[in-house]
Amino acid sequence: MSHQSELISSDINAYLAQHERKEMLRFLTCGNVDDGKSTLIGRLLHDSKMIYEDQLAAVQADSVKSGTTGAGKIDLALLVDGLQAEREQGITIDVAYRYFSTSTRKFIIADTPGHEQYTRNMATGASTCDLAIILIDARYGVQTQTKRHSFITSLLGIQHIIVAVNKMDLVRYSEDVFNKIKQDYLDFTSTLDLHDICFIPMSALDGDNVVNPSENMPWFTGLPLMEALNTIQIANDHNFDDARFPVQYVNRPNLDFRGFCGTVASGVFHKGDVVTALPSGKSSKIKAIVTYEGDIKEAFPPMAVTFTLENEIDVSRGDMLVGNSKAAPIVSDKFRANIVWMAEKSLTPGRQYAIKLATRSVYGSISLIHHRIDVNTLEHHDANELKLNEIGSCTVSVNAPVVFDPYKNSKWTGSFIIIDRLTNGTVGAGMITGITDDEDLKPVSASDRAARFSQTATAITLTGANGKAFAYQLERKLFDNGHAATVLETSNAALVEAIKNAGLLCLCIENSDMAEISFDTNKTSIDDIYAALKDKKVIY
């Protein structure tokens with residue numbers, strides 16, 4: 001182990017209690033491909049004596065057949081790169097999490113991939129982190145992926161950055177090389193919202209400045225990485241000014257107890273404080289703050305607690321209890337946000353999604369894409385859609401008022417995820433930048449309607465003896481799959497045109513001169529008709 005305590009042998013319960021009270025630091029490693037992210041984590045675990053003997057033996061054996069460090073050297077990256085595809089290619093694909101501790105702190109590491117095609121994985125790994133280690137290969141300096149990850153780190157509001165200039169052994173531990181990379185990075189990040197940045201020259205492969213100071217770089221007088229991780233101050237990163245408590249669950253075990261469970265998102269709540277339930281606006285006082293260990297007098301982030309109130313006001317899951325704060329939260333059904341798109345199927349304005357913000361779930365759509373952000377150059381480009389791994393500034397409209405803060409004020413109440421209604425998969429993540437204005441309200445276009453229903457407005461004729469029955473069966477099948485259609489039993493050109501103008505599919509039973517597609521129900525099944533509509537891109 002990296003640290004020893006006499007309590008382990010004398011009083012194990014006291015040791016565990018002491019360990020439980022240690023501060024937790026979550027951090028991620030990111031950077032370009034082959035910058036040494038996995039090797040750095042492996043070196044941290046190895047030099048801090050946090051690898052079990054059987055693990056080390058397995059890695060030594062795997063280094064012979066899968067290692068990339070050359071004969072006779074252990075490839076510590078294999079401690080993290082566990083997927084077969086990762087070992088075959090020598091790259092990180094998925095986010096890998098590792099845990100270790102020192103005498104002062106506990107750590108959770110997220111090793112994120114460097115390839116551009118896995119940007120969504122990197123954003124996922126960074127979303128819960130307090131600190132980011134951005135690796136730079138000393139031979140190549142600041143690269144495109146370095147800029148991309150720095151921008152995403154800034155976007156996600158990570159407060160602390162350690163720039164690890166790795167592979168210094170390959171540039172003869174040159175101080176001039178290190179200083180040039182440092183200046184280039186500072187020049188690029190001058191426009192980003194990054195403040196606490198420190199630079200460490202190192203060699204993860206050989207252990208220079210990872211856990212122990214490097215004898216090869218006496219010119220560097222700063223802290224090695226492990227010591228920097230142990231001493232960096234994160235206690236004040238939480239917002240303790242604006243009291244926010246999203247209600248996760250209403251606990252009513254009996255007639256005498258009604259508690260509101262959740263995690264304090266920001267601010268400090270005290271017993272006796274006046275709180276307001278939003279969006280209803282009803283107020284009461286905190287009667288008790290209940291925890292598993294007993295009642296407490298105050299709660300602050302990220303504590304999970306239960307509040308009981310003096311008055312029986314209506315509070316449900318998804319509501320938010322708000323205490324005294326410098327700034328009131330925003331209640332609106334429309335807001336502006338930066339969205340990271342994570343699905344193969346592109347984001348298009350108008351399509352309906354489930355939006356989960358804190359503990360509240362509503363339906364809504366992206367009503368407007370203001371611009372797409374080039375994560376390599378930070379330039380803004382006009383866009384009608386967002387593709388996989390792209391980031392854009394958008395206006396989001398939801399079908400019920402939600403309570404939120406700008407993301408820079410509160411991560412918990414300023415972030416949301418976008419869920420596909422049919423697959424129930426997470427397809428995007430957003431960071432709220434603020435409210436929007438009436439200038440974003442524009443007339444509904446044909447393309448907006450098409451995106452909302454995932455279809456192109458079309459008149460379809462169903463002929464044959466089964467025409468009427470098939471029309472209503474097809475309407476149900478389309479409706480169940482998120483499309484919008486209506487059956488027209490009489491031939492009326494004006495009605496067909498009106499239905500198409502509304503963005504709907506018009507299922508005509510009688511022959512219509514306005515029908516673009518016709519199916520003979522005596523020869524075709526419902527499933528065949530549905531498949532043909534997909535092939536013809538009428539529905540998608």
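The values are calculated or read from the model by the stated rules, or taken from the named source; none is laboratory data. None of the values given here were measured: they were computed from a predicted structure. All Cβ positions, even for glycine, are placed from backbone atoms using ideal geometry, and neighbour counts span all protein chains on display. The protein model used for the area step is the full one, side chains on, heavy atoms only, and it has no ligands, DNA or RNA in it. Shrake-Rupley method; radii C 1.70, N 1.55, O 1.52, S 1.80 Å.
Two numbers describe the Cα atoms of the stretch 115-196: Rg and Dmax, which are 12.9, 36 Å.
For the stretch 298-442, the ratio of Cα radius of gyration to the globular rule of thumb 2.2 N^0.38 Å stands at 1.13. So which GluC sites (Glu not before Pro) in the stretch 482-527 are both in a DSSP loop and have at most 13 other Cβ atoms within 10 Å of their Cβ? Hits after loop and neighbour filter: Glu489.
Listed highest first by mean packing, meaning other Cβ atoms within 10 Å per residue, what order do 336-342, 428-434, 471-477 come in? If you can, show how the numbers build up before the last one.
Working: 336-342: 22.7, 428-434: 20.7, 471-477: 16.6.
Packing proxy ranking, top to bottom: 336-342, 428-434, 471-477.
In terms of the mean number of neighbouring beta-carbon atoms within 10 Å, the peptides 254-260, 350-356 order highest first as 350-356, 254-260. The residues packed around Glu310, meaning those with a beta-carbon under 13 Å from its beta-carbon, carry a net charge of +3 if Lys and Arg are +1 and Asp and Glu are -1. Within straight-line reach of Lys282, meaning a Cα separation under 21 Å, sit the following lysines at least 8 residues removed in sequence or on another chain: Lys271, Lys326. Annotation: amide H of Ile234 has no partner in the under-5 Å range at sequence separation 5 or more or interchain, hydrogens built in the peptide plane. Relative contact order, whole percent, for the chain stands at 9, derived from Cα pairs under 8 Å and 6 or more residues apart.
Per DSSP H run of at least 4 residues, take -39500 (n - 2.57); add these up for the chain, divide by its residues and hand me the 222 nm value, nearest 500 deg cm²/dmol. Kindly include the intermediate steps, with their values, before the conclusion.
Details: 14 runs with 130 residues, N = 540.
Helix contribution divided over all residues of the chain: -7000 deg cm²/dmol.
Of interest is the spacing of the C-alpha centroids, which for the stretch 504-540 and the stretch 362-398 amounts to 34 Å. Modelled label positions at Glu175 and Arg139, each set 7 Å beyond Cα in the direction of Cβ, lie 2.5 nm from each other. Stretching the chain fully between Phe300 and Thr231 yields a gain of 22.6 nm (0.36 nm per residue, less the alpha carbon separation).
Only four residue types carry charge here, +1 at the Cβ of Lys and Arg and -1 at the Cβ of Asp and Glu. Report the dipole size of the chain about the Cα centre in Debye, rounded to the nearest 20. Don't skip to the end; give the middle numbers.
Working: 52 positive and 67 negative charges, 177 e Å.
Computed about the Cα centre, the dipole is about 860 debye.
When the chain is described by a simple charge dipole with +1 on each Lys and Arg Cβ and -1 on each Asp and Glu Cβ, the residue from Gln473, Leu25, Cys129 located farthest towards its positive end is Gln473.
Charges were assigned to the Cβ only: +1 to each Lys and Arg, -1 to each Asp and Glu. The resulting dipole of the stretch 340-401 about its Cα centre is roughly 380 debye. Spacing of the modelled spin labels on Lys287 and Glu489, each 7 Å from Cα toward Cβ, amounts to 5.8 nm. Each peptide in 212-219, 372-379, 142-149 receives the mean, over its residues, of other Cβ atoms within 10 Å, and ordering these scores from highest gives 142-149, 372-379, 212-219. Secondary structure note: in the chain, about 70% of the DSSP beta bridges are antiparallel.
Counting only residues at least eight positions apart within a chain, or on another chain, the lysines with an alpha carbon under 22 Å from that of Lys523 are Lys468, Lys477, Lys534, Lys536, Lys537. If the convex hull of the alpha-carbon atoms of the stretch 426-540 is projected onto planes in all directions, what is the mean projected area in square nanometres? Averaging across all directions leaves 9.1 nm² for the Cα convex hull. When the solvent-accessible area of the stretch 193-287 is split by element, carbon and sulfur atoms take up 48 percent of it, the probe being 1.4 Å.
Only one of (i) 1.06; (ii) 0.96; (iii) 1.03 was calculated from the structure for Rg/Rh (Cα atoms, Kirkwood Rh), and its label is (i). Here Lys180 is the anchor, and the lysines within straight C-alpha reach of less than 22 Å, apart from those fewer than 8 places off in the same chain, are Lys37, Lys147, Lys167. Applying 1/(1 + (r/R0)^6) with R0 = 45 Å to the Cβ-Cβ distance of Tyr97 and Ser525 gives a FRET efficiency near 0.40.
With bins 5 Å wide beginning at 0, the percent of Cα pairs of the stretch 127-283 falling in each bin runs 2, 8, 14, 15, 13, 10, 7, 6, 6, 6, 5, 4, 2, 1, 0.
The label point for Asp206 and the one for Asn384, both projected 7 Å from the Cα toward the Cβ, are 5.6 nm apart. How far is the Cα center of the stretch 442-457 from the Cα center of the stretch 228-287, in Å? The two parts, judged by their Cα centres, are 41 Å apart. Distant-in-sequence amide contacts of Gly482, defined by a placed amide H-H separation under 5 Å and a gap of 5 or more residues or a different chain, comprise nothing.
Over the stretch 208-249, with the other protein chains present, what is the accessible area per residue in square angstrom, probe 1.4 angstrom? Walk me through the numbers before you get to the answer.
Numbers: 2110 Å² over 42 residues.
For the stretch 208-249, the solvent-accessible area averages 50 Å² per residue.
When only the Cβ of Lys, Arg, Asp and Glu is charged (+1, +1, -1, -1), the dipole of the stretch 308-387 relative to its Cα centre reaches about 180 debye.
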